[in-house]
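Step one of this worksheet: look at the structure below.
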């Protein structure tokens, strides 16, 4: 389902004013952005690129428990959006981009205590501000890593102020997570060839096609990710003890 | 390299100069190197190898020997025992506490920040080492005064280890593992790529093992800190610490939920996917099985291939490392406000209710007493109920009844006996550890003897309301009961 918000007219409100109106924003203490007719929406926010509003951008709402797409709409001229209904439980608001200077997606996952709770989503800016995967290069062929010959992933950090944490994510060809590095402010991580997720947990990886990206976490709780990069693990001796 | 690591890097130059100066100043001094204190549990996880195993008997059931009220929460600092019988622990009020064997605070040393994670290590000369959240590593004299301190580039959450030659190893959030001489001179500094919150373990050949949040397990030469080998763990280790088991196999968990057995040459023996981030050091049972805490579980893994032999699921997170008594009984602290005792086969033996979450890893004294800190600001000593503890079963068992009535308004009665007989006394102590009254002194034998306490001190003055301890002492054995006075 796709639809716009006709003549929504967004205004940024001070959190205190909205909270003072008693509109039931219990979980979040801060209102980042709200439609002028905010009473019509239980979940609302703004999408920007490099700080400027983006009109007509698709915003999707998912249930994280089922993975189901619950709703989809387009931002208005101010980049604003508002979902008229959203269930209780953990949900995800996600915006994707194909612009090479942007993140592949920006998303926000949180838990709603009730379906009538009204939540202001932190700003979601699509620009990657220079954050990019560096090594291995796209399509690289490398020996299967091992604890004694690990593979180093590295990336450039975002050129913005504030503490931003990164992690490398390795997935199989079907995009099932194989391994994620520890989330940290650093810009590199070592993978030792042993999976940590799902069926891969504790397993030594074999040769094959994989893909990797860098995931970013902002202080607001919003996360983003660079585009996937194909990576091929080849058979071969991946290291005697150093 | 982050800002704090950069700070550490900048400091290293100065540190090296200072180290050289200190080393020069102490040249010619006879070898008075203080080694690890000869106590039952002188450092984090019991010994430099971190095996967490004690030769002392287990407690068939828990009874409170004493509890010492500290100034604030004991977070993750685990107690350590000095050769003098004192128990040392760090607390959130930025204080290192020395608590006497009978539960009285002997002294407190004030650090510049909370002693939140680091557990003390005690040297044979009584020096107590501990790291603080004020980015400082402290060496405190046996009397509670500062011996020396070292300013690291970031917090010191790591628990120090003392090697056979007296060298003290500790990690810091500045990314370094430090090696200090007992006099405070920096012997070497090993930089890593991220926080070293992990506590170093020492192998039988002196090799120093430590994990880093850079995702590597390091094996270091003790003389120089040079890297013998590294082993990529796939994730950071945070507070998880290595343990050196039989055949010098190294065991370590990670925040990514993998638990590794690494051969002494640095190759992988096996890996076990635990499913949860790990923050503790594994213990090694007498038969070689490895006991880990993960999520709310205590699990036993066999050394052959890491397969889970049994697990005990608690009702809340188990974040402590475990301590193992001679018979294989396993003690673990739990976020459900209790200390758990688990039979060697993986069944719950008993649970002792504390007043808050227990993240301070329990330790075992020479007599089998179990010590642990708690969020409720108390350091507790547990013993077996109604037995004379020191010396174990060879010593006479004591009996001291609970005071009745209790609480009392000034008159309460007890009975006491010692089946094997001996000279002894029944004395009353205040919570500050001062003796306020001697109720009986002389021969104690198998025939129970009744005694009455009127709530007064030695000179007949009425004592203020509060908690008092009535202690029966026969030879080296002791037994304590609590008496509460109300007015």
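The values are calculated or read from the model by the stated rules, or taken from the named source; none is laboratory data. Since the model is a prediction, treat every value here as computed from it, not as a measurement. Glycine also receives a Cβ, built like all others from the backbone with ideal geometry; neighbour counts cover every protein chain displayed.
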Residues of region A:138-153 that turn out to be in contact with a strand residue (DSSP E or B) (Cβ under 6 Å, 6 or more places away or on another chain), assigned to a strand (DSSP E or B) and within 12 Å of chain B (Cβ to nearest Cβ), as a count: 3
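For (1) away from every other protein chain (no Cβ under 14 Å); (2) surrounded by fewer than 24 Cβ atoms within 10 Å (Cβ to Cβ), each residue gets a yes or a no:
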site: B:156; (1), (2): yes, no
site: B:161; (1), (2): yes, no
site: B:166; (1), (2): yes, yes
site: B:170; (1), (2): yes, no
site: B:176; (1), (2): yes, no
site: B:185; (1), (2): yes, yes
site: B:188; (1), (2): yes, yes
site: B:195; (1), (2): no, no
site: B:214; (1), (2): no, no
Scan of region B:230-255 for residues that are under 26 Å from the mean Cα position of the chain (by Cα) and either over 29 Å from residue B:116 (Cβ atoms) or at the interface with chain A (Cβ under 7 Å from one of its Cβ atoms) (or both), ordered by number: B:236, B:246, B:247, B:248, B:249, B:255
Counted residues, region B:275-294 - those being under 18 Å from residue B:239 (Cα atoms) and over 21 Å from the mean Cα position of the chain (by Cα): 3
Test: residue in region B:216-229 that is under 21 Å from the mean Cα position of the chain (by Cα), farther than 21 Å from residue A:191 by Cβ and modelled with pLDDT of 95 or more: no
When residues of region A:116-131 are limited to those that are modelled with pLDDT of 95 or more and part of a strand (DSSP E or B), the one surrounded by the most Cβ atoms within 10 Å (Cβ to Cβ): A:124
Filter result (in contact with a strand residue (DSSP E or B) (Cβ under 8 Å, 6 or more places away or on another chain) and either closer than 20 Å to residue B:49 by Cα or surrounded by fewer than 24 Cβ atoms within 10 Å (Cβ to Cβ) (or both)) within region B:141-154: B:141, B:142, B:143, B:144, B:145, B:146, B:147, B:148, B:149, B:150, B:151, B:153
Selection from region A:167-182 of residues that are within 24 Å of residue B:195 (Cβ to Cβ) and more than 9 Å from chain B (Cβ to nearest Cβ): A:167, A:168, A:169, A:170
Any hit, region A:70-90, residues being within 21 Å of residue A:217 (Cα to Cα) and in contact (Cβ under 8 Å) with a residue 60 or more places away in the chain: no
Single match in B:265, B:288, B:256 (criterion: closer than 22 Å to residue B:198 by Cα and surrounded by fewer than 17 Cβ atoms within 10 Å (Cβ to Cβ)): B:265
Which listed residue, of B:34, B:47, B:61, B:83, is surrounded by fewer than 17 Cβ atoms within 10 Å (Cβ to Cβ) and assigned to a loop (DSSP other than H, G, I, E, B): B:61
Exclusive hit being within 29 Å of residue A:127 (Cα to Cα), at pLDDT below 95 and within 13 Å of another protein chain (Cβ to nearest Cβ), set A:186, A:162: A:186
Any chance residue B:335 is surrounded by fewer than 24 Cβ atoms within 10 Å (Cβ to Cβ), modelled with pLDDT of 95 or more and in contact with a strand residue (DSSP E or B) (Cβ under 8 Å, 6 or more places away or on another chain): no
Whichever residue in region A:202-242 is farther than 22 Å from residue A:95 by Cα, buried (at least 18 other Cβ atoms within 10 Å of the Cβ) and modelled with pLDDT of 95 or more and, among such residues, is nearest to the other protein chains (Cβ to nearest Cβ): A:202
Pairs where the first residue, in region B:397-408, is in contact (Cβ under 8 Å) with a residue 12 or more places away in the chain and the second is part of a loop (DSSP other than H, G, I, E, B) and crowded, with 17+ Cβ neighbours inside 10 Å, C-beta under 6 Å, 6+ apart: B:397/B:387; B:397/B:388; B:398/B:388; B:398/B:418
Residue in region A:177-189 that is buried (at least 19 other Cβ atoms within 10 Å of the Cβ), touching a residue at least 60 places away in the same chain (Cβ under 8 Å) and not assigned by TED's automatic domain parsing to the domain that holds residue A:99 present: no
Residue B:279 being under 17 Å from residue B:200 (Cβ atoms) and either away from chain A (no Cβ under 14 Å) or assigned to a strand (DSSP E or B) (or both): no
Failed item in (1) free of Cβ contacts under 8 Å to residues at least 40 places away in the same chain; (2) on the phi > 0 side of the Ramachandran plot, with residue B:103 passing the rest: (1)
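Yes/no matrix, rows are residues, columns are (1) in a strand (DSSP E or B); (2) more than 16 Å from the chain's Cα centre (by Cα); (3) assigned by TED's automatic domain parsing to the domain that holds residue A:219; (4) surrounded by 16 or more Cβ atoms within 10 Å (Cβ to Cβ):
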position: A:59; (1), (2), (3), (4): yes, no, no, yes
position: A:62; (1), (2), (3), (4): yes, no, no, yes
position: A:67; (1), (2), (3), (4): no, no, no, no
position: A:77; (1), (2), (3), (4): no, yes, no, no
position: A:86; (1), (2), (3), (4): no, yes, no, yes
position: A:91; (1), (2), (3), (4): yes, no, no, yes
position: A:98; (1), (2), (3), (4): no, no, no, no
position: A:107; (1), (2), (3), (4): yes, no, no, yes
position: A:114; (1), (2), (3), (4): no, yes, no, no
